[in-house]
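Asker: I have a structure I would like to understand better, so I am pasting it below and will then ask my questions one at a time.
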Amino acid sequence: MGVDLGSKRIGLAISDDGRVLASAYQVLQRGRSRVADHAELARTVAESGATLVVVGLPLSLSGRSGPAARAVEAEVAELRQVLDVPVELCDERLTTVVASRSLEGRRPALRRAVIDQMAAAGILQTWLDRQRRAS
C-alpha cells in the first residue's frame with residue numbers, strides 16, 4: 001500500500017498482486033489525533049490485505065531532508081509500532097505536482113478528493129518500479 005501523509009488527508013494506493021501497477025485506492029481524512037489516524041490506517045491496511053506500506057518522503061528538490069521530511073520520518077516511526085506489516089520510505093519528490101497537473105481543468109472539489117490518492121499511487125509506482133529494476 002502506498003501512503004501520502006498530508007496534514008489534512010492521507011492518500012492511499014494499492015498495487016495488483018504481481019506488484020506491477022499502483023492504483024489510487026482511497027483517502028482518509030485526518031481526525032483529532034494521530035493515534036486515531038494511525039488506528040484507521042491500520043484497519044485499512046488489514047482490510048486491503050496489504051503486506052507492505054510505502055510512505056512518501058518529501059525530500060527537497062536537492063534531495064535534502066527538511067522539516068516536512070523529518071515530520072514524516074517521525075510519523076513513520078510511530079506507524080512502525082502500530083502496523084502489522086513492514087513500513088518503508090520512498091522519495092516522493094514531484095508526485096503531488098504530477099498528480100495535480102494531471103487533474104488540471106477539473107473542479108477544485110474533485111481535485112482535492114482525488115489528488116492525495118493519485119500522489120499515493122505515484123509513490124507506490126515509484127517504489128514498485130525501483131524494486132523491479134533492482135531484481
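The values are calculated or read from the model by the stated rules, or taken from the named source; none is laboratory data. Note that the structure is predicted; figures quoted are calculated from it, not measured. FYI the Cβ positions are ideal-geometry reconstructions off the backbone, even for glycines, and counts take in every protein chain you see.
Asker: Can you tell which of Pro67, Pro58 is of a type outside the set (Val, Ile, Thr), modelled with pLDDT under 95 and within 11 Å of the chain's Cα centre (by Cα)?
Answerer: Unique residue meeting the criteria: Pro58.
Asker: Under the condition of being modelled with pLDDT of 90 or more and of a type in the set (Asp, Glu), which residue from segment 70-109 is nearest to Ser48 (Cα to Cα)?
Answerer: Applying the filter and picking the extreme gives Asp84.
Asker: Follow-up question, since we're still on this one. Got a number for residues in segment 13-60 being farther than 19 Å from Val85 by Cα, free of Cβ contacts under 8 Å to residues at least 24 places away in the same chain and not hydroxyl-bearing (Ser, Thr, Tyr)?
Answerer: Looking only at that region, the number is 3.
Asker: Now for a separate question. I'd like to check something: does segment 55-67 contain any residue that is of a type in the set (A, V, I, L, M, F, W, C) and in contact with a Cys (Cβ under 9 Å, 6 or more places away or on another chain)?
Answerer: Scanning segment 55-67 turns up at least one residue that is of a type in the set (A, V, I, L, M, F, W, C) and in contact with a Cys (Cβ under 9 Å, 6 or more places away or on another chain).
Asker: What's the total number of residues in segment 39-55 that are under 21 Å from Ala71 (Cα atoms) and buried (at least 18 other Cβ atoms within 10 Å of the Cβ)?
Answerer: Qualifying residue count for the region: 4.
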